[in-house]
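Just so it is clear, none of the values below were taken in a lab; they were calculated from the coordinates. Predicted model only: the values in this text are computed from it and were never measured. Glycine gets a Cβ as well: all are built from the backbone with ideal geometry, and neighbour counts include every protein chain shown.
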Amino acid sequence: MPLVTFEAALERVREGRVPHLLLGNGFSRACREDIFAYTALFDRADFNQLSPLARQSFDLLGTTDFEVVMRALRDAARLLTIYGPENLEIAAQLQRDADGLREVLVHAIADNHPGYPGEIEGERYAACRRFLARFDNIYTLNYDLLLYWAVMQAELPPPVHSDDGFRTPEEGQEEYVTWEPGRHAQNIHYLHGALHIFDAGIEVKKYTWTNTGVRLIDQIRAALNDGLYPIFVAEGETAQKFERIRHSDFLSKAYRSFQEIGNALFVYGHAMAPNDDHIIRLIGRGRVKQLFVGIYGDENTENNQLVRRKVETLQGMRPARRPLEATYFDAASANVWG
């Protein structure tokens, strides 16, 4: 069955319903493929603080996907405890490299991120806002600043309802804003954290340009250089990602919000990969009635067929009285960045 266009998919949403949106890395790649593609991040990454074997692991596994390698290293470390208990130091090194790759990935994204919002043309933001304005709750699995920048371009039409839950601290204006759960109708959720959001122990902080006049990405880079790391879920394996989510109030609230949505959900820029099953399976277990999945390119490619099989698995999780209706749309037709 041929793919429908994005506009045709919107017309299929049941009358009176406003759909929700789940964004994957394809959202960022559609804006700047040269920065946010896996290969681009890998090429710019600095592996010098890790063992040489960590970098070689990518070549051996034939991938540039950090999460694939992190998962492989952690699996190998666990297996060594039974296959080679006399080699526990090697197992420890595998684990250290897996943990280190997470930090390498954070730095790679931050160091090569566009420096300020003006590096992206206004016409592209306007196109993105036209796309985002179609949705109610917006959930993202991305760590970068592009979604934040797009919703902050308030001078550009159309208006986009956006509330990420952050407010000026009760004690008055600071260089940052703090997350205030439960006191507002938050509709933007960072399911895996983001570069500009930090856990400060007693509060969750978000760096802003408004309160400091310092470029946001420069604030993030300075924090990283000082040894501070953002809320950032990149564990490689879905069970470990879920464990990290459970131990963060900020992430847990986003997870529960996604779990509770109903009606229609659009998925854009996500390949339904197994390392995000802790999120994707919520669609099958939840209350969403209509699922619209963006497909890039030829729908018959192996990757796109894997997406279809994943959707069929989600449909199979539903009882007959609560079916999950699935529609596939041409992701390019959404013209997310113009």
### Task
Give the calculated FRET efficiency between ARG14 and THR301 to the nearest 0.05, with a Förster radius of 30 Å applied to their Cβ-Cβ distance.
0.50
### Query
Counting only DSSP beta bridges with both residues in the chain, what percent are antiparallel, rounded to the nearest 5?
30
### Query
Using only Cα atoms, what Kirkwood radius does segment 38-112 have, in angstroms?
12.6
### Task
Quickly rank 285-297, 41-53 as a protection proxy: mean count of other C-beta atoms within 10 Å, highest first.
285-297, 41-53
## Note on the structure
Taking placed amide H atoms and a strict 5 Å upper bound, the residues 5 or more places from ALA264 or on another chain that come that close are HIS20, LYS289, GLN290
### Task
Starting from the Cα gyration tensor of segment 227-304, take the square roots of the eigenvalues, sort them a ≥ b ≥ c, and report rounded, prolate or oblate (rounded when a/c is under 1.5, otherwise prolate if a/b is larger than b/c, else oblate).
oblate
### Query
Using Cα pairs under 8 angstrom and six or more residues apart, how large is the relative contact order of the chain, in percent?
23
### Message
Taking 22 Å as R0, compute the FRET efficiency from the Cβ-Cβ separation of ARG281 and ARG78 and round it to 0.05.
### Response
0.45
### Query
Does segment 95-137 classify as rounded, prolate or oblate by the C-alpha gyration tensor (a ≥ b ≥ c root eigenvalues; a/c under 1.5 gives rounded; else a/b over b/c gives prolate, otherwise oblate)?
oblate
### Message
Could you derive backbone 3J(HN,Hα) for segment 267-273 from the dihedral phi with the Karplus parameters 6.51, -1.76 and 1.60 (θ = phi - 60°), listing whole Hz in sequence and x where the residue is Gly or Pro?
### Response
10, 10, x, 10, 8, 6, 5
### Query
Under the Kirkwood approximation applied to all pairs of distinct alpha-carbon atoms, what is the hydrodynamic radius of segment 93-196 in Å?
15.8
### Message
More than 39 angstrom separation, counting every C-alpha pair in the chain; what % is that?
### Response
14
### Task
Straight distance only, please: which aspartates and glutamates reach the Cα of LYS310 with their own Cα at less than 18 Å, same-chain residues fewer than 8 apart left out?
GLU237, ASP276, ASP277, ASP298, GLU299, GLU302, GLU325, ASP330
### Task
Run down the lysines and flag those whose C-alpha is under 29 Å from the C-alpha of LYS205, throwing out any fewer than 8 positions away in its chain.
LYS241, LYS253
### Query
So, in nm, how far is label ALA37 from label ASN335 when the simple model puts each one 7 Å beyond its Cα toward the Cβ?
2.4
